[in-house]
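The values are calculated or read from the model by the stated rules, or taken from the named source; none is laboratory data. What you see is a predicted model; the values in this text were computed from it and never measured. For neighbour counting, all protein chains shown are included, and Cβ atoms are generated from backbone atoms with ideal geometry for every residue, glycine included. For accessibility, only protein heavy atoms count, side chains too; no ligands or nucleic acids. Shrake-Rupley method; radii C 1.70, N 1.55, O 1.52, S 1.80 Å.
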4 protein chains.
Amino acid sequence: MSEKLAVAVLGAAGRMGSEAVAAVEAAEDMDLVAALGRNDPLETLVSAGARYVVDLTVPDSTEANVRFAVEHGMHAVVGTTGWDAERLGRLGDLLDGSPGTGVLIAPNFALGSVLATAFAAKAARYFESVELIELHHPDKVDAPSGTAVRTAQLIAAARGEAGVPASPDATAKALEGARGAVVDGVHVHSVRLRGLVAHQEVLLGGPGEQLTIRHDSFDRASFMPGVLLGLRQVAAHPGLTVGLDGYLNLND
Amino acid sequence: MSEKLAVAVLGAAGRMGSEAVAAVEAAEDMDLVAALGRNDPLETLVSAGARYVVDLTVPDSTEANVRFAVEHGMHAVVGTTGWDAERLGRLGDLLDGSPGTGVLIAPNFALGSVLATAFAAKAARYFESVELIELHHPDKVDAPSGTAVRTAQLIAAARGEAGVPASPDATAKALEGARGAVVDGVHVHSVRLRGLVAHQEVLLGGPGEQLTIRHDSFDRASFMPGVLLGLRQVAAHPGLTVGLDGYLNLND
Amino acid sequence: MSEKLAVAVLGAAGRMGSEAVAAVEAAEDMDLVAALGRNDPLETLVSAGARYVVDLTVPDSTEANVRFAVEHGMHAVVGTTGWDAERLGRLGDLLDGSPGTGVLIAPNFALGSVLATAFAAKAARYFESVELIELHHPDKVDAPSGTAVRTAQLIAAARGEAGVPASPDATAKALEGARGAVVDGVHVHSVRLRGLVAHQEVLLGGPGEQLTIRHDSFDRASFMPGVLLGLRQVAAHPGLTVGLDGYLNLND
Amino acid sequence: MSEKLAVAVLGAAGRMGSEAVAAVEAAEDMDLVAALGRNDPLETLVSAGARYVVDLTVPDSTEANVRFAVEHGMHAVVGTTGWDAERLGRLGDLLDGSPGTGVLIAPNFALGSVLATAFAAKAARYFESVELIELHHPDKVDAPSGTAVRTAQLIAAARGEAGVPASPDATAKALEGARGAVVDGVHVHSVRLRGLVAHQEVLLGGPGEQLTIRHDSFDRASFMPGVLLGLRQVAAHPGLTVGLDGYLNLND
């Protein structure tokens, strides 16, 4: 009898999904029991014997997919965007009626990125100054990146709670834009450079010292260790978890 | 009636001690009640009304200084080296009889350095590879630095506990020394360069991503925020604490 | 009548060769007139009307390929390894009899890498200290990398010519390997980390300052701008040129 | 008979001047023959036998100081600001009548900074993208720094001459300031962080690669090697030279 995790991938034909199919197939402790595209019926999950579902589809279908999984007692690891407060609320209600089932909604599966953000938030209260630089390829349309905005917000919240004043800044004469965007009081700088993929640096400074926490994402493969970690941990975390950091042992 | 912390500095004429004297004097919530050199009698601590003692002396005298402080109900923050297991054991016994008194023995007061080491140890289990680069001025006589060795040991311990195998390394043909020193299985590289002070980088790598945690120490001023934080927290941490990280809220 | 460069790629089925085929096809000022694999006859170059040849084959065939090109008045841009002093001597002799023809033998086509090495060599005489860190994926078998060794040799030569003494180093007590490999007196450190591709940092230090020249190679695409630049410049550089830096305007 | 350079320092009581006094005294090939403050008569230069003058005074007096030096056949190395086109023109005229005398007007004596700027300008034409990050202590009042603005201008000029188009940028939706200030088409980001001194990074990117040129200035000592180099070279460069890069062998 197999002890392996029986995993199904939804959105298997997409870029992330096809990487996930390959990663699950390569994992010694997992069996890929189904790989569904957009037109495949969800009932296949049941007939294939899936116990774990990875959802990497589109905002329009992710809620129905996860609902189906929970209603059939399958744990779900979800990388699809579009989970607003209303959707999360409905999912929480559904999970109340299925107490042994776990769902992880993770906006970011890159372990390094999740750790970098968590560490930046923990460190932020101990330094007089903090700024953020994010660097991406020049085809990106938004600036700053969503990850940078979220990191800045978490940093600002941590400093606010600890009563740390704003970072000092004597700038009196500046070219427009020189000091970056300001997100909840934290200065954020967005670099766009051919050759880069996705990179972020949090700079923390105090008298005579600097702490730098940098994450480099070189390709989509960086998400797969996080997806696999999610699958291995989801059954041990019943109910709804938002953010992969909920599964990391950051507080030991 | 003053609510300020009544602080005495031992070793006040030394390089670290004189910085501490200045930092305590500049702190709005502290009163410097005594600043003792090597020949000043410890009884002055009592007559001056010290409630908190900062020990920045030498290995030969630090144990007697701390013992005096504890016996007089003063909390102590200690940056002097030389506290081996035997000394720590004796101090622990002494503190058992003085349950309201706190002592912090901290080999490193740079907040950024302490945080960098703690974060590196937390992150180490989540990455396939980890290596360490430390960079110092060329007048340093030992390589790697003590901080680098300790960081490597903590990283190795964390990976060992989590069952992470050694970092992969296909090197088959190398010049002697190219791959650095190996501390508990972790490769450590020591750079010596005019102009530098004390810097350390922990590099963690997984498929498609890298997490870098870097600390730069530019001058001795970097230790003072940690000394002040120690003084503010020591009364709330009765008993013996080794390492400033014990006072940081890393596990919230 | 077309003014475009008539280019043939030799080794078109290899990894570098197939990238070159795509790059030449995408270049508006070039026509790809032939793409030869290992069994295709060189005479095809003549019948196809090639005026420029890119050789990305193997050490065993590159000399015959380039000889054929020069004998037919075609300019050649060569990325294949294996050109030792004897081969270069024979090629120089051949080119003496074909004064209008240019050949570029380039061990490295990444513009950033070539520039980084050139800048490091130019700067080396002005700093008290210089060290080198190279970082690669953990499947690499040699350490340090060939590029790092060559960079260290050029740095050492430049310092020697300018009479600069060895970098200062007070290290008296070191773990084996901590201070790296020593190439012509220059310390070189080799990091191996999953997720990385090929990266190199030259650190130059003087009193109170540091100059860092870093090159990151993220994928093979980084070689193509150098190949195209070679093709565009080779006719204007008759005779033999070794190293792409010979075509860069570094001395304006 | 002494073969040493007979050097006088003007502005000897200032921060830069006092460093220069110490540096000249420590240099084995130099004799400090005079160190003048603001009220000391320039005639002292003659009576002291000065052959070389370092001017580190203030904009109001630097022109008269240099004029005096040139009229007495002394070479001058000048770090004082305030030399606009009009002043430089007058000085050039004066030097025409004193053909053996050299004057160096250098806005920046940090060798690493001067080299970094020169390298960035040389490299700029070879990359699709270029951006600039400068990082300083938070007490700085202007943003970007003067050095960053000048570097951006030189980069823009080099790209213009070579016909390189603007760096690609698909940003369509940005927070105000996120993409930095734009200097002659080059994006410049200004970070302000406690603990830092003066740092600058030029990032150049092409397909699959990045070249980074970084300069860190940790303290004022970084200017002294440049001052000494200027003194050693000024006699060999008769006439007016603006910028220390004119004395560096960047074009060998």
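Determine, yes or no, whether D:Q210 is of a type in the set (S, T, N, Q), open to solvent by 10 Å² or more (accessible area, probe 1.4 Å), touching a residue at least 24 places away in the same chain (Cβ under 8 Å) and within 22 Å of D:L115 (Cβ to Cβ). Let's see the steps before the verdict.
Numbers: of a type in the set (S, T, N, Q): yes; open to solvent by 10 Å² or more (accessible area, probe 1.4 Å): yes; touching a residue at least 24 places away in the same chain (Cβ under 8 Å): no; within 22 Å of D:L115 (Cβ to Cβ): yes.
Here the answer is no, as D:Q210 does not meet what is asked.
For the stretch A:233-252, what are the residues that are open to solvent by 30 Å² or more (accessible area, probe 1.4 Å) and either acidic (D, E) or farther than 17 Å from A:L115 by Cβ (or both)? Quick ask: steps written out before the conclusion?
Kept after step one, since they are open to solvent by 30 Å² or more (accessible area, probe 1.4 Å), are these residues of the stretch A:233-252: A:233, A:235-238, A:240, A:242, A:245-246, A:249, A:251-252.
Across the stretch A:233-252, the qualifying residues are A:A235, A:A236, A:H237, A:P238, A:L240, A:D245, A:D252.
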Just checking, which of D:A148, D:A116, D:A178 is facing another protein chain (nearest Cβ under 8 Å), among the hydrophobic types (A, V, I, L, M, F, W, C), part of a helix (DSSP H, G or I) and buried (at least 24 other Cβ atoms within 10 Å of the Cβ)? D:A116
For the stretch A:190-198, does any single residue satisfy the condition of being touching a residue at least 60 places away in the same chain (Cβ under 8 Å), within 14 Å of chain B (Cβ to nearest Cβ), over 30 Å from A:D31 (Cβ atoms) and in contact with an Asp or Glu (Cβ under 6 Å, 6 or more places away or on another chain)? no
Give just the number: which of (1) of a type in the set (F, W, Y); (2) within 30 Å of A:A8 (Cβ to Cβ); (3) within 14 Å of another protein chain (Cβ to nearest Cβ) does A:F68 not satisfy? (3)
Under 7 Å between Cβ atoms, at least 6 apart or on separate chains: pull out the pairs that start in the stretch B:82-99 with a residue that is within 13 Å of B:P238 (Cα to Cα) and end on any residue that is modelled with pLDDT of 95 or more and open to solvent by 40 Å² or more (accessible area, probe 1.4 Å). B:L91/B:L240; B:G92/B:L240; B:L94/B:R67; B:L95/B:L240; B:P99/B:P238
Just to be sure, is D:V188 among the β-branched types (V, I, T), assigned by TED's automatic domain parsing to the domain that holds D:Y126 and in contact with a Gly (Cβ under 7 Å, 6 or more places away or on another chain)? yes
Over the stretch D:181-193, the set of residues in a loop (DSSP other than H, G, I, E, B) and either open to solvent by less than 10 Å² (accessible area, probe 1.4 Å) or among the acidic types (D, E) (or both) is D:D184, D:L193
Selection over the stretch B:155-165 where residues are out of contact with any strand residue (DSSP E or B) (no Cβ under 8 Å at 6 or more places or on another chain) and either within 7 Å of another protein chain (Cβ to nearest Cβ) or surrounded by 11 or more Cβ atoms within 10 Å (Cβ to Cβ) (or both) yields a count of 6
Answer yes or no: is there a residue in the stretch B:109-126 that is closer than 30 Å to D:M224 by Cα and among the basic types (K, R). no
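Hey, can you tell me all the residues within the stretch D:124-134 that are out of contact with any Asp or Glu (no Cβ under 8 Å at 6 or more places or on another chain) and either assigned to a strand (DSSP E or B) or without any contact (Cβ under 8 Å) to a residue 40 or more places away in the chain (or both)? Quick ask: steps written out before the conclusion?
Restricting attention to the stretch D:124-134, the residues satisfying the condition of being out of contact with any Asp or Glu (no Cβ under 8 Å at 6 or more places or on another chain) are D:124, D:126-131.
Result: D:S129, D:V130, D:E131.
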With the structure loaded, tell me whether D:D169 is open to solvent by 50 Å² or more (accessible area, probe 1.4 Å) and within 14 Å of chain C (Cβ to nearest Cβ) or whether it fails that test. no
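Can you list the strands (runs of 3 or more DSSP E) found entirely within the stretch B:194-252 that contain at least 3 residues being more than 13 Å from the chain's Cα centre (by Cα)?
Numbers: elements: B:198-206, B:209-217, B:239-242.
Of the strands (runs of 3 or more DSSP E) lying wholly inside the stretch B:194-252, those with at least 3 residues that are more than 13 Å from the chain's Cα centre (by Cα) span B:198-206, B:209-217.
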Residue pairs, Cβ under 9 Å, 6 or more apart or interchain, first in the stretch D:228-252 and away from chain C (no Cβ under 11 Å), second of a type in the set (F, W, Y) and assigned to a loop (DSSP other than H, G, I, E, B). List them. D:G230/D:F109; D:V242/D:W83
Taking B:A121 and the conditions (1) part of a helix (DSSP H, G or I); (2) hydrophobic (A, V, I, L, M, F, W, C); (3) within 30 Å of A:S129 (Cα to Cα); (4) in contact (Cβ under 8 Å) with a residue 60 or more places away in the chain, which numbered condition does it fall short on, given that it satisfies the others? (4)
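Take the stretch C:96-111 and flag every residue that is open to solvent by less than 40 Å² (accessible area, probe 1.4 Å) and not in a strand (DSSP E or B).
We begin by selecting, within the stretch C:96-111, every residue open to solvent by less than 40 Å² (accessible area, probe 1.4 Å); these are C:98, C:101-106, C:108-111.
Across the stretch C:96-111, the qualifying residues are C:S98, C:T101, C:A106, C:N108, C:F109, C:A110, C:L111.
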Only one residue in C:L132, C:L204 is within 14 Å of chain D (Cβ to nearest Cβ) and surrounded by 20 or more Cβ atoms within 10 Å (Cβ to Cβ), so which one is that? C:L204
